[in-house]
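To start, the structure itself, in structure tokens.
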Amino acid sequence: MATATSLVLSTFFHCSSSKLSPFPSPSLPNSLHLHKYRPFLPFSPSKLFLLPTSSPNPPTSSSPSCFLKFNLPKPSLPSPFDSLLLLCTSVVLSSSLFLADVDPASAFVVTTPRKLQTDELATVRLFQENTPSVVYITNLAARQDAFTLDVLEVPQGSGSGFVWDNEGHIVTNYHVIRGASDLRVTLADQTTYDAKIVGFDQDKDVAVLRVDAPKDKLRPIPIGISADLLVGQKVYAIGNPFGLDHTLTTGVISGLRREISSAATGRPIQDVIQTDAAINPGNSGGPLLDSSGNLIGINTAIYSPSGASSGVGFSIPVDTVNGIVDQLVKFGKVTRPILGIKFAPDQSVEQLGVSGVLVLDAPANGPAGKAGLQPTKRDAYGRLILGDIITSVNGKKVTNGSDLYRILDQCKVGDKVMVEVLRGDQKEKIPVILEPKPDES
């Protein structure tokens, strides 16, 4: 065994063919040391045990062959110590093969990692980190079978939402849950829970649900700020369009401080975010995120003149949503001030050739009725007598219903506002104390 450590590899190459003459063996070195040729071996052994070739006679030049001949020293009998050392080494190597936790496929197959750009990696990471916060909402309605008269629950719509806190509150759009007799929320791990309505705000199209899910399954979404957004910055929308599983669409902010009307009440929603990220049916109620993964809005509507799913998307800013959700969680409703009037469509007032809001009705128990605003009515002969036309509130000009709503959104319940009206040919100023909006069923 000791002589094997200083093994000398003697090689003799003998090749012949019809085109090449045999190399003369004297031109080759008689011996090649192993340590000089270790880089050419598939492994780097410290000891190499070789057996001499079985054919003592080299082939003749007429046989086109190449062979290696190894001259090995005559092995000596191993000592008992060397045998014991070899046995221990074999046991250790065998044990390591059984104890090593190596995947047999990955141990021999080397896969090249997919090369992604920096922005691609950031997008992938954003989707993976925020997907657990997005939920799927199913709107169920009670329907009576025409033949059996049994009452069944059938899905009448679906949408998206996101986890607001660890208490199980889910935020979505009001139009997603409108008219529902029952609601179900499916989390990212595909577990489904019955949801209860905590409260909703029809004017701003926001609703809050609650599910009794374990806290370890609830992943609240990080809340951002929408006041410092800029046109051109990247945004990401996550939702469940067309009932599909979590889907990511990307785009940029294409406009700020837009105004849309609530689908339920027609009341304007100010400071809406306009984006070119695809918002399809089923995306409603889902989150709109910035490049840091923070919530900046709720995907609400899409404006498409062609009626297709492609168009301009709109999202309610998170600064508006934050205040609404806090009131809904605490009180179950939003205490928004109202004048307590019903007014005519803007087109009707334009036909009269005046600018303002025509009062159609002012209930006596409402703020405007208590202050003395006059509604539109008919006299004893059936002739129409126009009511007061509101031209300004607190010195701010009112040309249509959106202007009136915009001014009231800046006021609080209990504030006294000065309402200027056109009554006949005269202008009058009437103080009105704003009251909260009545409860909605």
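Is one or more of the residues making up region 196-212 farther than 21 Å from Asp326 by Cα and polar (S, T, N, Q)? Spell out the reasoning first.
Narrowing region 196-212 to residues farther than 21 Å from Asp326 by Cα: none.
Checked against the condition, which is being farther than 21 Å from Asp326 by Cα and polar (S, T, N, Q), region 196-212 yields no hits at all.
For region 399-441, the set of residues classified as aliphatic (A, V, I, L, M), assigned to a strand (DSSP E or B) and out of contact with any helix residue (DSSP H, G or I) (no Cβ under 9 Å at 6 or more places or on another chain) consists of Met418, Val421, Leu422, listed by residue number.
Only residues that are at pLDDT 85 or above and either among the hydroxyl-bearing types (Ser, Thr, Tyr) or touching a Phe, Trp or Tyr at 6+ places or on another chain (Cβ under 6 Å) (or both): list them for region 402-417, please. Within region 402-417, just Tyr405 meets the criteria. Only a single criterion out of (1) at pLDDT below 90; (2) hydroxyl-bearing (Ser, Thr, Tyr); (3) surrounded by fewer than 22 Cβ atoms within 10 Å (Cβ to Cβ) is not satisfied by Ser284, namely (3).
Taking region 335-389 as the range and being buried (at least 18 other Cβ atoms within 10 Å of the Cβ) and at pLDDT below 85 as the test, the residues that pass are Arg336, Val349.
Kindly provide the set of residues from region 194-208 that are farther than 23 Å from Arg267 by Cβ and surrounded by fewer than 20 Cβ atoms within 10 Å (Cβ to Cβ), ordered by number. Result: Asp194, Lys196. Looking across region 219-252 at every residue that is assigned to a strand (DSSP E or B), in contact (Cβ under 8 Å) with a residue 60 or more places away in the chain and touching a helix residue (DSSP H, G or I) at 6+ places or on another chain (Cβ under 9 Å), the one that is surrounded by the most Cβ atoms within 10 Å (Cβ to Cβ) is identified as Ile238. Let me confirm something: among Ser292, Ser262, which residue is among the polar types (S, T, N, Q) and surrounded by fewer than 20 Cβ atoms within 10 Å (Cβ to Cβ)? Selected residue: Ser292, the only one of Ser292, Ser262 that is among the polar types (S, T, N, Q) and surrounded by fewer than 20 Cβ atoms within 10 Å (Cβ to Cβ).
Going through Lys437, Lys396 one at a time, which residue ends up being free of Cβ contacts under 8 Å to residues at least 12 places away in the same chain, basic (Lys, Arg) and within 27 Å of Ala264 (Cβ to Cβ)?
Criteria check complete, one pass: Lys396.
Checking each residue in region 407-426 for being surrounded by 13 or more Cβ atoms within 10 Å (Cβ to Cβ), among the charged types (D, E, K, R) and within 18 Å of Leu358 (Cβ to Cβ) picks out Glu420, Arg423.
What tally of residues in region 259-305 results from selecting those that are more than 30 Å from Ala122 (Cα to Cα) and polar (S, T, N, Q)?
First, pick out the residues of region 259-305 that are more than 30 Å from Ala122 (Cα to Cα): 259-270, 304-305.
Remaining after also requiring polar (S, T, N, Q): 261-262, 265, 270, 304.
Selection size over region 259-305: 5.
Could we say that Asp216 is over 15 Å from Gly285 (Cβ atoms) and part of a loop (DSSP other than H, G, I, E, B) here? Against the criterion (over 15 Å from Gly285 (Cβ atoms) and part of a loop (DSSP other than H, G, I, E, B)), Asp216 does not qualify. The residue list Thr247, Thr275, Thr191, Thr265 contains one member that is within 16 Å of Leu295 (Cβ to Cβ), of a type in the set (Ser, Thr, Tyr) and out of contact with any Phe, Trp or Tyr (no Cβ under 7 Å at 6 or more places or on another chain), which is Thr275.
The values are calculated or read from the model by the stated rules, or taken from the named source; none is laboratory data. A quick note: this is a predicted structure, and the numbers were derived from the prediction, not measured. Ideal geometry is used to build each Cβ from the backbone, glycine not excepted, and the neighbour counts take in all protein chains shown.
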